[in-house]
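What follows is a short report on a single structure.
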Amino acid sequence: MKILFIEWKSFGNEDIKEAFAAEGHEVVCFPFADKNARRDEELERDLTAALRRDVPDAVFSFNYFPVVSNVCRKEDVRYLAWIYDSPYVMLYSYTVANPCNTIYIFDRELYLEFHNEGIETVRYLPMAANTGRLDRLCGELSDTAPYPYHVSFVGSLYTEEHNFFDRMTDLSDYARGYLDAIMTAQMQIQGYNFIQESLSPIMDELYRALPMDPNPDGVESREYLYAQYVINRKITGLERAELIRAAAERFPFDLFTPNRSFTLPNLTNHGTADYYTQMPLVFRQSRINLNISLRSIRSGIPLRAFDIMGSGGFLLSNFQADFLDDFVPGEDFDYYESREDLLDKIGYYLSHEKERAAIARNGHDKVAARHTFRHRVREMLSQT
């Protein structure tokens with residue numbers, strides 16, 4: 001098959017292109033600026049011309065773009081989109097129902113929301129790892145070599161200046177107290193997020209403090225926008241900072257994040273780790289790698305978790321229900337249920353080296369056997 005690849009600055013570009021090629025498919029790249037994601041006449045003309053010139057069997061993109069879907073619908077070309085971001089508001093565009101689409105979502109609970117509404121263009125597909133590339137990069141590192149990092153976290157702290165939540169400076173004492181209460185409660189619960197359904201009593205105040213409106217071509221609610229893009233993001237930042245502080249009080253901790261100003265005793269802040277060249281080495285050379293999922297991810301396994309296991313690293317994650325579909329806790333990875341449980345498990349695995357190393361190997365081997373980009377390419381292209 002010939003695939004027209006919508007190429008933008010997404011994670012996994014080289015991995016998915018390698019997988020298409022390894023499965024015998026031809027890839028033609030179409031440069032894309034996602035700022036034009038909904039509608040852009042010039043981009044529509046260019047994409048139409050590319051489809052007529054290259055005559056692909058399908059178009060593929062990481063994440064979903066309404067402008068691409070509309071062109072594919074007009075040109076009668078199959079459009080495959082694989083979502084790895086969460087939240088992703090363009091999933092609520094009317095164009096999702098275009099019959100040319102097959103949109104893959106890595107979060108089963110979110111997929112079921114669309115399925116239960118009769119949206120047949122949306123399907124469930126977990127993320128993946130390119131274990132071939134990761135093995136080539138990490139292959140010379142021994143499983144028994146001294147580890148430069150004991151406990152590591154790679155990711156954003158969502159503490160950037162002027163984030164949406166901190167812009168809401170005009171809330172009443174009642175609204176701010178209400179937000180504090182539901183956020184504190186949510187932080188105590190893993191596996192279920194109730195923020196969106198709890199916002200009705202203060203929606204008017206939220207809107208006055210920070211106006212956010214649904215998109216003209218979308219069916220997303222204001223509650224969705226505030227819950228997913230403002231409040232869950234803030235909760236994630238608070239949670240990551242709190243758990244990192246707690247862990248660093250007891251164990252040597254290495255942090256890889258864009259925010260270099262986050263400092264603590266017993267913590268080394270290394271700054272950003274490059275996704276392709278540095279991050280896998282961190283995962284492989286850390287005795288424990290933490291995954292603290294963004295709170296807008298309902299049940300799905302984040303890409304970070306596949307990258308950790310695919311690199312041969314030991315994964316200790318918050319609970320996400322989709323793990324249990326494919327991986328066994330205590331055998332392929334492990335999860336924590338609370339702050340205290342996290343600290344207990346860090347201590348346990350740091351003192352049980354053979355068990356920790358065996359779990360890391362099992363996780364890697366299971367990803368290599370069932371969850372590579374080549375596996376996902378086969379699944380996507382075998383479906384109609």
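The values are calculated or read from the model by the stated rules, or taken from the named source; none is laboratory data. It should be emphasised that the depicted structure is a prediction, and the values quoted were computed from it without experimental measurement. Don't worry about glycine lacking a Cβ; one is built from the backbone with ideal geometry, like all the others, and counts go over all protein chains shown.
Residues in segment 92-131 that are closer than 15 Å to Gly313 by Cα and assigned to a helix (DSSP H, G or I): Thr131 only.
Only strands (runs of 3 or more DSSP E) whose full extent lies in segment 1-85 are considered here, and the ones with at least 2 residues that are under 14 Å from Cys100 (Cβ atoms) are 2-7, 58-62, 78-83. In the set (1) crowded, with 18+ Cβ neighbours inside 10 Å; (2) in contact with a Lys or Arg (Cβ under 6 Å, 6 or more places away or on another chain), Asp15 fails one condition alone, (2). Highlighted here are the helices (runs of 4 or more DSSP H) found entirely within segment 222-340 that include at least 2 residues which are among the acidic types (Asp, Glu) and touching a residue at least 40 places away in the same chain (Cβ under 8 Å): 232-250, 323-326.
Criterion first (in the same structural domain as Phe253 (by TED's automatic domain parsing), over 19 Å from Asn63 (Cβ atoms), surrounded by fewer than 19 Cβ atoms within 10 Å (Cβ to Cβ) and out of contact with any helix residue (DSSP H, G or I) (no Cβ under 9 Å at 6 or more places or on another chain)) does Gly139 satisfy it? Answer is yes for this residue. Out of all the residues in segment 2-24, which are hydrophobic (A, V, I, L, M, F, W, C), over 19 Å from Ser69 (Cβ atoms) and at pLDDT below 95? Result: Phe11, single match.
Annotation note: Cβ proximity below 7 Å between a residue of segment 110-127 that is farther than 16 Å from Pro99 by Cβ and in contact (Cβ under 8 Å) with a residue 60 or more places away in the chain and a residue that is crowded, with 16+ Cβ neighbours inside 10 Å and among the basic types (Lys, Arg) (sequence gap 6+ or interchain) occurs for Leu110/Arg298; Leu125/Arg376. Scanning segment 312-353 for residues that are within 21 Å of Tyr149 (Cβ to Cβ), touching a Gly at 6+ places or on another chain (Cβ under 9 Å) and of a type in the set (Gly, Ala, Ser) yields Gly312, Gly313.
Here's the yes/no breakdown for (1) buried (at least 18 other Cβ atoms within 10 Å of the Cβ); (2) touching a helix residue (DSSP H, G or I) at 6+ places or on another chain (Cβ under 8 Å):
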site: Val55; (1), (2): no, no
site: Phe60; (1), (2): yes, yes
site: Ser69; (1), (2): yes, yes
site: Lys74; (1), (2): no, yes
site: Asn101; (1), (2): yes, yes
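Where residues in segment 142-160 are of a type in the set (S, T, N, Q) and assigned to a loop (DSSP other than H, G, I, E, B), which of them is modelled with the highest pLDDT? Break it down stepwise before answering.
Initially, segment 142-160 is screened for residues of a type in the set (S, T, N, Q), giving 142, 144, 152, 156, 159.
Adding the requirement that they be assigned to a loop (DSSP other than H, G, I, E, B) leaves 142, 144, 156, 159.
Details: Ser142: 59, Thr144: 56, Ser156: 93, Thr159: 78.
Filtering segment 142-160 for residues that are of a type in the set (S, T, N, Q) and assigned to a loop (DSSP other than H, G, I, E, B), the one modelled with the highest pLDDT comes out as Ser156.
Within segment 298-315, the set of residues being among the aliphatic types (A, V, I, L, M) and surrounded by fewer than 23 Cβ atoms within 10 Å (Cβ to Cβ) comprises just one member, Leu303.
The listed residues are Ala247, Ala321, and the only one of them that is outside the structural domain of Val89 (by TED's automatic domain parsing) and surrounded by fewer than 18 Cβ atoms within 10 Å (Cβ to Cβ) turns out to be Ala321.
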